[in-house]
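Working notes, structure below.
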Amino acid sequence: MSIKYAEKFGIVGDCPAMQQVYAMISQVAPSDATVLIRGGSGTGKELLAKALQRSSNRSDKPFIVVNSAALPEHLVESELFGHEKGAFTGAVNRRIGRAEAADSGTLFLDEIGDIQPQVQVKLLRFLQERTFQRVGGNAELHSDVRIIAATSRNLEERMKEGLFREDLYYRLNVFPIVLPNLSERKSDIPLLAEHFCEKFSKLHHRRVRKISERALDLLVNYSWPGNIRELENCIERSVLSATDDTIHAQSLPSVLQQITPAKINDQTGGDFTSRVEAFEREMIETALATHGGNVAAAARELNLTVRIIHYKIKKLGIEIRKFTH
């Protein structure tokens, strides 16, 4: 059931927190209720907004995005509601805004917490009446849109600071959905990593097909402050730098390679010796996996004697039976 929901919504993830998100999508998507998506930067808020739109009664209508954080402050109102010719310097023609372009569809207001107070007043009126005026115009226009908003900001704190209107907050916060940080959904990291590996292998015409056990350990035990966006960038870079069909630990960014086995087990960090051992473990485990646990074949590939590789396998605590076919 969980995998079916993930596939239905086009989202990768199967952890309990995401199961709750899928249930909330199913509840609210068929309605026209305003949804406020909250979550850290890089958690996939626009992906969730698109999932809501695809599951709605407006799925075949426009999906228009306004990113307040990406627009210059003086252009937000014009982008949102449009402008008349001559409304300001550079306005050489009439232009319709995103709200007008989204008529009959869905308007996604991304990073709504960054919108400036003077535009908040006009946005509040639009949310209440679905009417607006273009910048420099007097005509009262109407747009039938479903509103989905998203923010990585603490709106409650911004209200206390006088930077976000309380009445606008309550208009937006009809049906809140909170996306967890990637550090709160560790069990999804292997699924996401494999998904991105396949995606970027195809995109860049590479033959990278798998991620080594050691590399997965590093991925799962990293804190991911940039969330899914950071993981996606990490896997793309690793696919491009891979020298064979596998993403190895040494292909990962240096910040991940600093997570040694000691740090994974007891969060104590590691010295030069432990890093060397981690590198040896990676190479030996990869060779064993390639040769189905055949130690002699793995030794030949690594240019080691059978005696030496057995010594290292014992020293590093590698379980050969995990690699036998």
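Couple of notes before you dig in:
Listed here are the residues, each with its yes/no results for (1) in contact with a strand residue (DSSP E or B) (Cβ under 8 Å, 6 or more places away or on another chain); (2) surrounded by fewer than 19 Cβ atoms within 10 Å (Cβ to Cβ); (3) not assigned by TED's automatic domain parsing to the domain that holds ILE11.
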{"position": "HIS74", "(1), (2), (3)": "no, yes, no"}
{"position": "GLU79", "(1), (2), (3)": "yes, no, no"}
{"position": "HIS83", "(1), (2), (3)": "yes, no, no"}
{"position": "PHE88", "(1), (2), (3)": "yes, yes, no"}
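- Residues of region 120-151 classified as buried (at least 19 other Cβ atoms within 10 Å of the Cβ) and within 18 Å of ALA69 (Cα to Cα), total: 6
- Selection of region 54-83 for residues being assigned to a loop (DSSP other than H, G, I, E, B), farther than 19 Å from THR34 by Cβ and modelled with pLDDT of 85 or more yields only ASP60.
- Flag: VAL145 matches the condition of being at pLDDT 95 or above, in the same structural domain as SER56 (by TED's automatic domain parsing) and either under 30 Å from ASP14 (Cα atoms) or in contact with a strand residue (DSSP E or B) (Cβ under 9 Å, 6 or more places away or on another chain) (or both).
Results for (1) crowded, with 21+ Cβ neighbours inside 10 Å; (2) closer than 27 Å to PHE108 by Cα; (3) out of contact with any strand residue (DSSP E or B) (no Cβ under 8 Å at 6 or more places or on another chain); (4) aliphatic (A, V, I, L, M), shown as yes or no for each residue.
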{"position": "ARG153", "(1), (2), (3), (4)": "no, yes, yes, no"}
{"position": "ALA193", "(1), (2), (3), (4)": "yes, no, no, yes"}
{"position": "ARG207", "(1), (2), (3), (4)": "no, no, yes, no"}
{"position": "SER223", "(1), (2), (3), (4)": "no, no, yes, no"}
{"position": "ASN227", "(1), (2), (3), (4)": "yes, yes, yes, no"}
{"position": "ASN233", "(1), (2), (3), (4)": "no, yes, yes, no"}
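- Given (1) more than 15 Å from the chain's Cα centre (by Cα); (2) modelled with pLDDT under 90, index of the condition LEU191 fails: (1)
- Output for region 185-198, where each listed residue is assigned to a helix (DSSP H, G or I) and either farther than 16 Å from VAL21 by Cα or touching a helix residue (DSSP H, G or I) at 6+ places or on another chain (Cβ under 6 Å) (or both): LYS186, ILE189, PRO190, LEU191, LEU192, ALA193, GLU194, HIS195, PHE196, CYS197, GLU198
- Qualifying position, being within 25 Å of PRO176 (Cα to Cα), touching a residue at least 12 places away in the same chain (Cβ under 8 Å) and within 28 Å of the chain's Cα centre (by Cα), among LEU80, LEU71: LEU80
- Meets criteria (outside any helix (DSSP H, G or I) and closer than 21 Å to GLY39 by Cα) for ILE177: yes
- The test for being without any contact (Cβ under 8 Å) to a residue 60 or more places away in the chain, surrounded by fewer than 19 Cβ atoms within 10 Å (Cβ to Cβ) and closer than 20 Å to PRO176 by Cα does not hold for GLN116.
- Those residues of region 103-121 which are at pLDDT 95 or above and part of a loop (DSSP other than H, G, I, E, B), in sequence order: ASP103, SER104, GLY105
- Residues of region 193-213 satisfying the condition of being touching a residue at least 60 places away in the same chain (Cβ under 8 Å) and either more than 14 Å from SER238 (Cα to Cα) or of a type in the set (S, T, N, Q) (or both): SER212, GLU213
- In region 122-171, the residues that are acidic (Asp, Glu) and either free of Cβ contacts under 8 Å to residues at least 12 places away in the same chain or assigned to a helix (DSSP H, G or I) (or both): GLU129, GLU140, GLU156, GLU157, GLU161, GLU166, ASP167
- Enumerated helices (runs of 4 or more DSSP H) restricted to region 199-269, each holding at least 3 residues that are in contact with a Pro (Cβ under 9 Å, 6 or more places away or on another chain) and modelled with pLDDT of 85 or more: 213-221, 227-241
- Per-region count, region 51-65, residues over 11 Å from ILE25 (Cβ atoms) and not hydroxyl-bearing (Ser, Thr, Tyr): 8
The values are calculated or read from the model by the stated rules, or taken from the named source; none is laboratory data. Everything numeric here is computed off the predicted structure, so don't read it as measured data. Methodologically, a virtual Cβ is constructed for each residue, glycine included, from the backbone with ideal geometry; neighbour enumeration extends over all protein chains shown.
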